[in-house]
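Please treat every number below as a calculation from the coordinates, not as lab data. Since the structure is predicted, the reported quantities are computational estimates derived from the model, not experimental observations. Neighbour counts run over all protein chains shown; Cβ positions are idealised from the backbone, glycine included.
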Amino acid sequence: MNITNILNRKLGLVTVANLQRVINSLFTTTHATFETTTLDTGRATVGLLTLSATLTEGTSALSLKAKSATKAFAGGATEVIPVEVPSGAIIVGAQIRNNTLLVATTGVSYSAAYSGGATQSIGTGIAFTKNTKTNTFFTVQGSGEATNITSNTTNITLTPNAGTLDTGTVEAVVYYYEFTAPTSVA
């Protein structure tokens, strides 16, 4: 039984509209609102949840977003999946799936890591088999760990354990938080 079924049994019908009403009622004293938006740009889905706050003049917001991209291999020693998480975002985690069987010159697996504005391994020893999946939260613990706040545009770099990545397609989704700056005062 999934969480929606459990909530429906305990709370009645769970819909986005009902969740919006419940969450909005929790924030009435701070003038925050809950909204879900999905924008399909053909290569990425952006915007999952937005909490906006009404200021004395204007609004501001914090959004949980996701960006996805697909990479077809072209024989490189490394391949970059252009998820393009913006600078200043807080990365929550990533999911990767092999959409096809992957082929390398001599390798048998690959590793995936954030690159650009954040650096951390997403997975190592990932098999080339079609439908292999990797789900990883960004680890932020104690001193010495990488920061999950991006300092520049962040993508995902794939590296085979040997040789080059010759053919195949890998898809990735990165989940992250991002601020919308407060609107200017008139």
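Quick notes
- Taking the Cα centre of the range 70-186 as origin and assigning +1 to Lys and Arg Cβ atoms and -1 to Asp and Glu Cβ atoms, the resulting dipole is close to 240 debye.
- In loop segments of the range 57-147 as defined by DSSP, the GluC sites (Glu not before Pro) with at most 16 further C-beta atoms inside 10 Å of their C-beta are Glu57, Glu145.
- Here the spin labels are modelled as points 7 Å beyond Cα on the Cα-Cβ line, and at Thr180 and Val103 they lie 4.7 nm apart.
- Relative contact order for the range 43-184, counting Cα pairs under 8 Å that sit 6 or more residues apart, in percent: 40
- Thr139/Thr56 FRET efficiency (R0 45 Å; Cβ-Cβ; nearest 0.05): 0.70
- Highest mean packing comes first when the peptides 152-158, 123-129 are listed by Cβ atoms within 10 Å, giving 152-158, 123-129.
- For the range 68-180, the square roots a ≥ b ≥ c of the C-alpha gyration tensor eigenvalues yield an a/c of 1.5 or more together with a/b exceeding b/c, which makes the shape prolate.
- Gly123 sits among other residues whose Cβ lies under 13 Å from its own Cβ, and their net charge, with Lys and Arg +1 and Asp and Glu -1, is +2.
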